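Single-structure report; data block below.
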Amino acid sequence: MADFQYSKLSLVMQNMDAKNANYFNSLHRDDRLFLQQRIEHFPTAIQNLLVHRYKSQPDQVKANIDLRHTTDTLSALLPVFLRNNFNASEDELRDLAQVYADMCRDKILTIPRQPRNSVKATGQDISKSCLKNSADNSDTFLKLALTHFQPDSEIFKVGFLKTSKQVSKSVNATFRASADNFKNIPQKNPVNALVRTDANATDNAEAENSVNASLRNEAQLLAYEKCANFVNGLGLTAPTPDKSKTLSGCIKRMQDKRWWLKTLRKVIMRKTEECMLQLNKVHKHAGIYCSDITASNRRFQKARQLKMMEGISLVNEHDQRYSLREIHDLNPSNPINRRNELMTRMRGFEDIAKELGHIGDFITLTCPSKYHAAYAKSGDRNPNWQGFTPQQGQQYLCGIWAKIRAELDRQEIRTYGLRVAEPQHDGTPHWHLMLFVEPEHLNAFRAVINHYAFEEDGDEAGARENRVKFVAIDPNKGSATGYVAKYICKNIDGANLNEGAYGENPIEAAERVEAWASCWGIRQFQQIGGVSVTVWRELRRLRKLEQQDITLTAIHQAADSSNWKSFVTLMGGVFCKRKEQTIRPHYDIEIDTETGQISTDYYDGFITTKLKGICYLGQAIITRLHQWRLVISQSAFRSHLEFCK
C-alpha cells in the first residue's frame, strides 16, 4: 500500500496555482500553518476555493474564523476514512480498497474456534451443508465450516484437505467433489474421531445436525457483525441481508477489493459534490446543474470508457468479433438511439390518446424550498436550504409519486406516458410528466397530485406558485410530443436546441445534466404505463420469424417498423397488465456449454437468469442465439496520456 502520509505542506504548495502560492508564502508562519492544516485533506479544486475565500476576507482574524467554520462544516460531511484520504489518487484508492478488504478478512480470523468435543456431525450433515453453500466460494465459508469439524478426523483428511487444494481451480467442482465424498461414507459412521467411540452416536444424528447448523449460523452472524462494525466505523454503510443479498454474500462483499473500490469511488464522488454544494458552487452563475469538478471528472471518465471499449471485444462460437464500442453505438447506450426511441414511444402514446379520446396533461413537480441550495436569479445561498442533496430530493419526489400512484389505483384512475427527471440550476431535481388520462378522470387526477404535492411544507411562501404546475395539451396549438421533445433532447445530447433553459450552450448543458445524473444515481427517463419495451427491443433483433402466426407476425412488423402505436395496441393496449400482455420477455438460466456449469451470482450464489428472448402462447422464441466471451487486448486498460489531468 502506498504511504498516505504525505509531506502535507509541500503537497498543498504543489497543488496551488502561482497566484495562490505567492499569497500562501506571504502569510505569517502561524497563519500559513493554520491554513495548511485546515485545507490539506481536501481535493485540489476545493483547496483553491478555500484559499480564494480566505483571501477575500477583510482582515486576518475574520479570515481564520471563517476558514475554521467552513472547514468544520465540510469535514462534518465526510466519513471518517475520507478525512485522511479525500485527495487520494486512483492508485492509492486501489491500495486502500485492498487494505480494507484484508482487514475484514482479519476480523474473521479473530473469531474463537469451537472446542473439539463441542460439535458432532455426520457425513450426511456435512454433505448437505456443502451442497447448500456450494455457491459461496469465499475463504470465509471454508474457515467457518472447518471450525466445526475435527482436524484429526478421517473425513477431514480425506474430504476437506483434498477439497481445499482444488479451490483455486474450480470452487463449484470442489464442493461437488467433496459432497460426493461425503455421500459415499456410510451414514452410520460418524465423522468425528471422538464420536466413533460413542456407541449411541447414530441415535443423536438429528440433534447433532441441528447443533452444527445453529453453530454455523452463529459463526456467520458473528463474522458479519465484526465486518459490519468495521465498515460502519469508517462512516460507510455495510451491506445488509435482504431478499437479494444473503448473509454470507454480505460478508463476501466486505472482504472483496472490488466492492470496496466501487464504494470508495462513489463516496468520494458524491462527497466532493456535496462539499461544492456547501461552498455554493453549484448554480447558474458558477457550475450549472453540477460542479465543474464533477463535470470534468465525468468527461474524462467517459472518454476513458470509450477508449477501453475499443480494446475489448465479444467473440461468439463462430468467431464473429465485435468491439464493445461497436455494440455501444448500436444500442440505446448511444444517446442518439436513446433519444430516437423515446421520441418514437412518446409519439405512439400520443397517437393512441387521440384515437381513444384521452387528454394529455403536462405536470411539473418540484421539491420544497428546503431542498434548494441557491436562488435562481442571483445564485445566492437559499437560507431555507437544510443541506439536502439532489439524491435526497429525488427520494422525496419518488416518495410522493408512490403515494400518488397508490391513490390513483384506489380510485381506478388509469394513466400512461413518460416521466423526465432533470436538474434545476442548483442541481435540485424536478420532474416533468407527460401523461394521458381519460377525460372523465382529469379533475380527480389533478386533485390527487395536488393533495400529495403540498403534503410537506405546503403552506410555505411560494409553494402554491411553484410546487406543482399543470399544462393541458391543446392539439390545436401543438402536439404533446413536440412539447416534451425539448426536455428529452436537453437531458440526452442537446440536439436540435438553440439554448438551454437558462440560456446556456445546450450541448454543454446536456453533458452536465448527464454528469449530474451519474453522480447522484438518478434515473432520468421512465415510461409510465404501456407495454414492455423489452419485448419491443427483442423483436427488433429478429430479422425474420419462423412461426407462421398472424398475431405474432403483426406485432413483429409493428416493432420492426418503429410503430409504437400498433405495437401497444396488438400487445393488449395501454392499460393491459404486464402478465396479461400478448408477448412477454423470456428469461432462462445461463449454462456454459463447454463445462455445463450454471452461472451464479458472484457474492450470494443465487442462480442467475438472463434475457434469452420472448415468450408467446407459452412458447419461448430465442432471440439471443449465440454465446459470447470477452477478449481483452493489452491496450484496453492501459493509461492514455491524452486523458491525464
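Each reported figure results from applying straightforward, stated rules to the coordinates on display, with no laboratory input. Please read these numbers as outputs of a predicted model, since none were measured by experiment. Cβ coordinates were reconstructed from backbone atoms using ideal geometry, including for glycine residues, and neighbour counts include every protein chain displayed.
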TODO: Restrict the search to the stretch 374-423; then list the trypsin sites (Lys or Arg not before Pro) that DSSP places in a loop and that have at most 10 other Cβ atoms within 10 Å of their Cβ.
DONE: Lys377
TODO: Sort Leu277, Leu570 so the one with the fewest other Cβ atoms within 10 Å of its own Cβ comes first.
DONE: Leu570, Leu277
Open item on the list: Can you compute the FRET efficiency between Tyr587 and Asn331 using 1/(1 + (r/R0)^6), with r the Cβ-Cβ distance and R0 = 25 Å? Round to the nearest 0.05.
Closed with: 0.85
Task: Gap separating the Cα centres of the stretch 562-587 and the stretch 254-272, nearest whole Å - done: 40 Å
Task: Cα→Cβ-extended label distance, 7 Å offset, between Asn443 and Gln411, nm - done: 1.1 nm
TODO: Excluding Arg270 itself, calculate the net charge of residues whose Cβ lies under 14 Å from the Cβ of Arg270, where each Lys or Arg counts +1 and each Asp or Glu counts -1.
DONE: +3
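Obtain the radius of gyration and the Kirkwood radius of the stretch 367-491 from its C-alpha atoms and give Rg over Rh. Don't jump to the answer; show the numbers that get you there.
On the way: Rg = 15.5 Å, Rh = 15.9 Å.
Across the stretch 367-491, the Cα-based Rg/Rh ratio is 0.98.
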TODO: Enumerate by residue number the GluC sites (Glu not before Pro) in the stretch 343-441 meeting two conditions: DSSP loop (anything except H, G, I, E, B), and at most 14 other Cβ atoms within 10 Å of the site's Cβ.
DONE: Glu412
- [ ] Give me the percent of Cα-Cα pairs in the stretch 533-631 that sit more than 24 Å apart, rounded to a whole number.
- [x] 32 percent
Open item on the list: Could you list Val631, Val437, Val61 so that the one with the fewest beta carbons within 10 Å of its beta carbon is first and the one with the most is last?
Closed with: Val61, Val631, Val437
TODO: Kindly provide the GluC sites (Glu not before Pro) of the stretch 499-557 that DSSP labels as loop, not H, G, I, E or B, and whose Cβ sees at most 15 other Cβ atoms within 10 Å.
DONE: Glu499, Glu546
Task: Separation of the Val471 and Leu356 label points, Cα + 7 Å toward Cβ, nm - done: 2.4 nm
Open item on the list: For a quick check: sort His328, His318 by the number of other beta carbons within 10 angstrom, fewest at the front.
Closed with: His318, His328
- [ ] Taking the Cβ of His432 as the centre, find all other residues whose Cβ is under 12 Å away and add up their charges (Lys, Arg: +1; Asp, Glu: -1).
- [x] +2
Task: Calculated FRET efficiency for the pair Ile507/Arg629, C-beta based, R₀ 30 Å, to 0.05 - done: 0.20
Task: Inter-probe distance in nm under a simple model that places probes 7 Å from Cα toward Cβ, at Ser89 and Lys544 - done: 5.7 nm
